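These notes are about the structure you will find just below.
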Amino acid sequence: MSVGLLPTDISSKFPINKMAKSKISRPVKSRSYILIIMLSIGIIACSKSKSVIPEPPVKTRPTNLAQYNLVTEGLKDYYTSNEYFNLGAAIKPTTVDNPDEVKLLKRHFNSLTAENVMKWSTLQPTEGTFRFDDADKIVAFAQANGMQVRGHNLCWHNQVPDWIFKDGAATASKELVLQRLRTHINTVMTHFKGKVYAWDVVNEAIADGSDTYRASKWYGICGEDYIIEAFRAARLADPAAKLFYNDYSETNPTKRDKIYTLLNKLKGLNLVDGIGMQGHWNISAPSNELIIDAFDKYKSLGIDIQITEFDVSVYTSDSDSQSPYSTDLAQKQAVAYGRYFSLFRTYKNNISSITFWGLADNYTWLDNFPVTGRKNYPFLFDESYNPKQSYFTVINF
Ligand code: GLA
């Protein structure tokens, strides 16, 4: 929205972006009356009506709820895809039936991820039976509203049916498991071809401790080959799709280096396009140093970076007891969000998407993880879908 479209008494209250200010022309100087002219410059420079160069559209940047309610811009307008990155949210199929949530989605986001309904257990609960209805609903909504879709995910150790790993009563052979993996990936990616631009091909295959790989059923039967084969099948199924390896604790140096080694191998085979950093962070961690080191390390591979499951927990440890969303927590969270987005801006040439793992504080998986029933408030919007202090911090840069 340009200032000209604002209610007249509103435009003057909102900061105008720096680029717009710098384009305001200065009046012509005369050789005489230097003193008068110098005094005048300050006044005239502030007067947009004297401008001869048309100003670019400016964005209003509200700093409180009253101002927010008077304008229409959202996150995706302050962080445009061209200059910054996509802004996304993970949603359920029912989200698109909720008018409040649809309103919020349309205002702020240009990318969607299915929170659960593109996972294997939903898409192919029994062998050969594919159920796309729920996922299709989200994709149709995205298409109708000009939003992109990130696919999540094709191969994971959770929310995965047990039949994959069985052959009758016995454990399935490596060949059978890999064949099922290829069939799943090919069927799913073919179904969504042209509608889903990026896929988390393998999720969370790296171990947290000293082992390299997670001791999953996939790994137990196939070794690391399942990872390579999943990416191979994905590349084959939809050569235009961007393929990601996705994981958490992605800034932890030990885990980061293991992820890097895997990515390096996949990159050498031209099978991976990016790292999905889940970004399940909190109000104090990770530190800037850890984030910068991780960004630098991943980007050195020449791959894309996406933050795929962003949320900022108000708790810093499992032993923190439940707290209301106090002013103190709101301030700490705003500082953290400001810090994280400042880094995202610094790395905007390497980061193509930031997806939140939810929409607003009325619903988050963190209410039950890692502590069951401990209410959390990890997003930029509160339980009534209103912007929080964190939102204003994120958009005022
Ligand atoms: C992981 C998965 C997500 C989601 C979250 C918790 O990060 O990648 O799909 O299940 O856990 O909700």
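The values are calculated or read from the model by the stated rules, or taken from the named source; none is laboratory data. Only a predicted model underlies this, so the values are computations on that prediction, with no experimental measurement involved. Please note: Cβ atoms are built from the backbone with ideal geometry, for glycine as well, and neighbour counts cover all protein chains shown.
A few comments on the model shown:
- Any hit, region 220-242, residues being away from the ligand (no atom under 16 Å from the Cβ), in the same structural domain as Asn158 (by TED's automatic domain parsing) and within 30 Å of Ser287 (Cβ to Cβ): yes
- If the condition is being within 16 Å of the ligand (Cβ to nearest atom), buried (at least 19 other Cβ atoms within 10 Å of the Cβ) and either outside the structural domain of Val202 (by TED's automatic domain parsing) or free of Cβ contacts under 8 Å to residues at least 60 places away in the same chain (or both), then region 244-277 contributes Tyr245, Asp247, Glu250, Thr251, Ile259, Ile275, Met277.
- Residue identified as over 20 Å from the mean Cα position of the chain (by Cα) and in a loop (DSSP other than H, G, I, E, B) among Asn270, Asn264: Asn270
- Scanning region 340-397 for residues that are surrounded by fewer than 16 Cβ atoms within 10 Å (Cβ to Cβ), outside any helix (DSSP H, G or I) and within 14 Å of the chain's Cα centre (by Cα) yields a count of 1.
- For first residues located in region 192-204 and away from the ligand (no atom under 16 Å from the Cβ), partners that are not in a strand (DSSP E or B) and lie 6+ apart or on another chain with Cβ distances below 6 Å form the pairs Lys193/Asp238; Lys195/Val139.
- In the set Ser111, Ser121, only one residue is in the same structural domain as Met189 (by TED's automatic domain parsing) and under 23 Å from Ile164 (Cβ atoms); that residue is Ser121.
- Of the helices (runs of 4 or more DSSP H) entirely within region 70-156, those holding at least 2 residues that are more than 16 Å from the ligand (Cβ to nearest atom) and either surrounded by fewer than 20 Cβ atoms within 10 Å (Cβ to Cβ) or at pLDDT 95 or above (or both) occupy 75-78, 99-108, 133-144.
Listed here are the residues, each with its yes/no results for (1) under 16 Å from Gly274 (Cα atoms); (2) away from the ligand (no atom under 16 Å from the Cβ).
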| position | (1), (2) |
| --- | --- |
| Asp293 | no, yes |
| Gln306 | yes, no |
| Thr316 | no, yes |
| Lys348 | yes, yes |
| Ser352 | yes, yes |
